[in-house]
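Written below as structure tokens is the structure these notes are about.
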Amino acid sequence: MPKRRPRINTRDIVRNVFEKIFNVSLDEDYALHSPPCQEDVKNFVLGRGPGPNVEDLRIDMRGKINSVWNQAVIEILLAEVKKEDFEGLPDRSDAYLADKIEGKLERVRTVWRTAQPRVTETGDLETIEEVERRMVDAKETREKVVRANTRRKSVHIFGFSTEPMFTIHRGSHEG
């Protein structure tokens, strides 16, 4: 009997490419990503620099997702994604794959921005411990919401409802 391949989808392929290129396995790990220096980004935009390097790919976390630098990063990642095995999956356009890559980039950029020290009420920058506590608190809050929504969905899907599913009429039947 032939060995079955595990189910994989386009999202999994994009995630695997990100893991391989950036050497991270969780989105939270992007909090430690080292973005390119602003001088390199500026020189690339002005046509005076080489731009993103596939061997040491860095996301411009400070610029916009549609910046020239980040669009070059998306093109590099798209080329890597297209090298992957899509056997058993429907054909997808480059625009579709680029959209999936851009979505993943936006999520990891959000993680990175969240991990940056903020100014406290006293005007000082947060310490590493304060940043970590803020991030843990936010993650716990998100997980509580997800658990509540999952329970709510389960109750709705599996019919644990107080609403009657059907009505039985008793009495005389005319006819």
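Read the figures in this text as sums done on the coordinates, not as results from a lab. These numbers come from a predicted model, not from an experiment. No Cβ is skipped: glycine too gets one built from the backbone with ideal geometry, and neighbour counts run over all protein chains shown.
Using a Förster radius of 30 Å, what is the FRET efficiency between Val119 and Ile65 based on their Cβ-Cβ separation? Nearest 0.05, please. With R0 = 30 Å, the Cβ-Cβ based efficiency is 0.75. Excluding same-chain neighbours fewer than eight residues apart, the lysines reachable from Lys83 by a Cα-Cα span under 21 Å are Lys20, Lys100, Lys104. The charge dipole of segment 10-115, taken about its Cα centre with unit charges on the Cβ atoms of Lys, Arg (+1), Asp and Glu (-1) only, comes to about 420 debye. Using 0.36 nm times the number of residues separating Arg48 and Met135, minus their current alpha carbon distance, what extension gain do you get? Going from the current span to full extension adds 27.5 nm.
Partners of Lys42 within straight-line reach, counting aspartates and glutamates whose Cα lies under 17 Å from its Cα and excluding those fewer than 8 residues away in the same chain: Asp60. Would you mind counting up the charge near Arg118? Only other residues with Cβ under 11 Å from its Cβ, with Lys and Arg at +1 and Asp and Glu at -1. Summing Lys/Arg as +1 and Asp/Glu as -1 gives -2. Dipole magnitude for segment 79-149: computed about the Cα centre from +1 point charges on Lys and Arg Cβ and -1 point charges on Asp and Glu Cβ, it is near 200 debye. Couplings 3J(HN,Hα) for segment 105-119, derived from phi with the Karplus relation 6.51 cos²θ - 1.76 cosθ + 1.60 (θ = phi - 60°), are 4, 5, 5, 6, 5, 5, 4, 4, 5, 5, 7, 7, x, 10, 7 Hz, where x marks Gly and Pro.
Taken over segment 10-115, the percentage of Cα pairs per 10 Å bin, counting from 0 up to the bin with the maximum distance, is 15, 49, 30, 6, 0.
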